[in-house]
1. Determine the equivalent ellipsoid of region 128-208 by diagonalising the alpha-carbon gyration tensor, then write out the semi-axes as square roots of 5 times the eigenvalues, largest first, rounded to whole Å.
2. Name the longest site-free stretch of the chain, where the excluded sites are GluC sites (Glu not before Pro) in a DSSP loop with no more than 16 other beta-carbon atoms within 10 Å.
3. What percentages, rounded to whole numbers, describe P(r) for the chain computed over all alpha carbon pairs with 5 Å bin width beginning at zero?
4. Given the chain, what percent of its DSSP beta bridges are antiparallel, to the nearest 5?
5. Among residues other than Asp49 whose Cβ falls under 12 Å from its Cβ, what is the net charge (Lys/Arg +1, Asp/Glu -1)?
6. Quick one: putting +1 on the C-beta of Lys and Arg, -1 on the C-beta of Asp and Glu, what dipole do you get for the chain around its Cα centre, in Debye to the nearest 20?
7. Per 0.36 nm of contour for each residue apart, how much would the distance between Tyr72 and Val52 grow if the chain were fully extended, relative to their Cα-Cα spacing?
8. Go ahead and estimate [θ] at 222 nm for the chain from helices alone: -39,500 (n - 2.57) per DSSP H run with n ≥ 4, summed, over the residue count, rounded to 500.
Amino acid sequence: MSSTKRRVLVLFAHPALQKSRVNRRLIQEPQGLSGVHVHDLYEEYPRLDIDVRREQRLLADHDVVVFQHPFYWYSAPSIMKEWQDLVLEHGWAYGSEGRALHGKRWLQVTSTGGPAEAYCSQGQNHATVRQLLAPLEQTARLCGMRFLPPFVVYGAHSLDESGIEAAAADYRALLVALRDDQLDEAAVDSLPCLTGDLIAGLATATEA
């Protein structure tokens, strides 16, 4: 850990934000937070005409990349797959000469309709969210990035307002900890996900 401020990029994707309760509230937290830049992919690219060079410049200019989205079919909304296919080019993001992203952090922030107990080997989905995100974790590794356990808001459909507010506060605390390099990454590396209790216990950062 260090006192150096990291630059955090939040890549946000929600194709039906007007219907959202959880992600619409969560995305308010990084907005206006010093050192954190929010980039709404559906707002920027409604026709999916992704500007690859612009996106690569954004990645190069930041140290932590946060992918915030609802959990769609055990993955992310389609624009994020399109973004990965186009932006993470061979020779730039990976390959023998593709070192542009080496050492950066990759974090998934997602919400599920089902409860936490549905995401385990004995649950309805037979796997944790992190296990289901294995293709993205391997993508991060291929690009030389450090994949952090996902921050998951479970049971989005049934959360009351106090639950949503608690999740938003946890998300803000996590962003601040990542920005200020105050998260013990070694301690959380093997965890299935980051939870509010863990963030409170491991993230000792305070906002500037």
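1. With the √(5λ) rule applied to region 128-208, the semi-axes are 22, 18, 10 Å.
2. Free of exposed loop sites, the longest segment is 98-206.
3. 1, 7, 16, 20, 22, 18, 11, 5, 1, 0
4. 5 percent
5. My count for the surroundings of Asp49 gives -2.
6. Computed about the Cα centre, the dipole is about 260 debye.
7. Extending this stretch completely gives an extra 4.8 nm.
8. Using -39500 (n - 2.57) per qualifying helix, the result is -9000 deg cm²/dmol.
Read the figures in this text as sums done on the coordinates, not as results from a lab. All values derive from a computational prediction rather than experimental measurement. Here the Cβ is made from the backbone with ideal geometry for all residues, glycine too, and neighbour counts use every protein chain on show.
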